[in-house]
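Values in this text are rule-based calculations from the coordinates and carry no lab data. Model, not experiment: these values are computed from the prediction. Virtual Cβ from ideal backbone geometry, glycine too; neighbours counted across all protein chains shown.
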Amino acid sequence: VQGPEITQFRPGKLYAGSSDVAVDIRGRNFRKRARVYVGDGAQLNFPVDRKHIRFRNSNRLVVTLTDGLNRLLTKPGAIKFQVVNPNTADGVRSEDQSINVVGPRIADARFEVMQDDDSHVMLVIDGANFLKGAIVEFFKPGMDAAPVSQLVPVDLKSRRISTPVRLKKIERLGNFKLRVVNQGTVPVPSVLFQPRMNHLAQRRD
């Protein structure tokens with residue numbers, strides 16, 4: 001007798017700050033009226049309401065995280081899923097599997113010279129998980145509680161942000177760090193990152 005088995009999720013990751021997200025669970029041996037439990041720790045103690053579980057076939061369930069389960073999506077981490085097939089006792093449980101909940105991540109940030117514009121430099125941020133509506137925040141050392149400036153990017157893609165910044169603004173900030181903040185049901189920031197200033201030094205020369 002074979003129990004339920006989770007093999008993959010679609011999408012392959014979820015974005016922190018989102019809500020009412022549908023997760024396509026793929027696997028084997030799913031039965032009608034199967035229960036689904038989710039959790040963000042060692043225990044899977046949050047049952048998904050049956051009305052938010054759609055049985056497609058023995059290889060596919062679609063589960064919507066909504067209402068109180070949206071709190072599992074407020075920050076980066078992982079969500080565990082478990083499928084329980086019905087029987088005359090407590091049910092037949094699958095091994096739990098996790099899906100990552102991700103936020104914005106900066107891999108590199110730098111300033112590049114803009115041709116034919118001495119008053120601006122181009123801020124380029126490479127990374128992952130940048131969402132539409134994200135902003136860039138600037139912080140002074142020792143003042144991490146609140147940004148000293150915010151910027152709405154001109155060009156924003158999931159892996160790259162590029163936007164012109166006034167050179168006088170960068171000079172006025174002096175030593176600073178920056179972060180990217182995705183806007184959703186709750187703001188989700190990246191960690192602070194020290195941008196490379198070598199191109200800015202070239203412009204100053």
query: At what distance in nm do the modelled label points of R33 and A128 sit from each other, each positioned 7 Å from its Cα along Cα→Cβ?
result: 4.2
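Count neighbours as other Cβ atoms within 10 Å of each site's Cβ, and list the trypsin sites (Lys or Arg not before Pro) in segment 22-103 that are DSSP loop with at most 11 such neighbours.
Details: sites: R26, R28, R31, K32, R33, R35, R50, K51, R54, R56, R60, R71, K80, R93; in loops: R31, K32, R33.
Answer by residue number: K32, R33.
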task: Return the Cα extents of segment 1-80 along principal axes one, two and three, sorted largest first, each rounded to a whole Å.
output: 38, 23, 23
Charge dipole magnitude, Cβ of K and R +1, D and E -1 - the chain, Cα centre, debye nearest 20: 620
The chain - Kirkwood radius from inverse mean 1/r over Cα pairs (Å): 19.4
Estimated distance in nm for a label pair at R50 and E95, the labels positioned 7 Å out from Cα along Cα-to-Cβ: 3.0
- prompt: Do any GluC sites (Glu not before Pro) in segment 71-139 lie in a loop, going by DSSP, with at most 16 other beta-carbon atoms within 10 Å of their beta carbon, and if so which?
  reply: E95
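At a Förster distance of 25 Å, what's the computed FRET efficiency of D67 paired with R159, Cβ-Cβ distance as r, to 0.05?
On the way: r = 32 Å, r/R0 = 1.29.
Calculated transfer efficiency: 0.20.
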query: Could you name the lysines in cross-link range of K177, using Cα to Cα under 24 Å and dropping any fewer than eight places away on the same chain?
result: K75, K132, K140, K157, K168, K169
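If you stretched the chain out fully between D118 and D144, how much longer would it get, using 0.36 nm times the residue separation minus the C-alpha to C-alpha distance?
Details: separation 26, 0.36 × 26 = 9.36 nm, distance 3.06 nm.
Stretched out fully, the D118 to D144 stretch lengthens by 6.3 nm.
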field: Given charges at Cβ of Lys, Arg, Asp, Glu: segment 49-205 dipole, positive-most of V113, V191, S58
entry: S58
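Counting only Cα atoms, I'd like the Rg/Rh figure for segment 71-131, Kirkwood definition for Rh. Let's see the in-between values first.
Numbers: Rg = 22.7 Å, Rh = 16.0 Å.
A ratio of 1.41.
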Viscosity 1.002 mPa s, 20 °C: Kirkwood-radius Stokes-Einstein D of segment 95-175 over Cα pairs, µm²/s: 150
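Subtract the Cα-Cα distance of R172 and R110 from 0.36 nm times their separation in residues, and report this length gain in nm to one decimal. Display every interim value, and only then the final one.
Details: separation 62, 0.36 × 62 = 22.32 nm, distance 1.70 nm.
Result: 20.6 nm gained on full extension.
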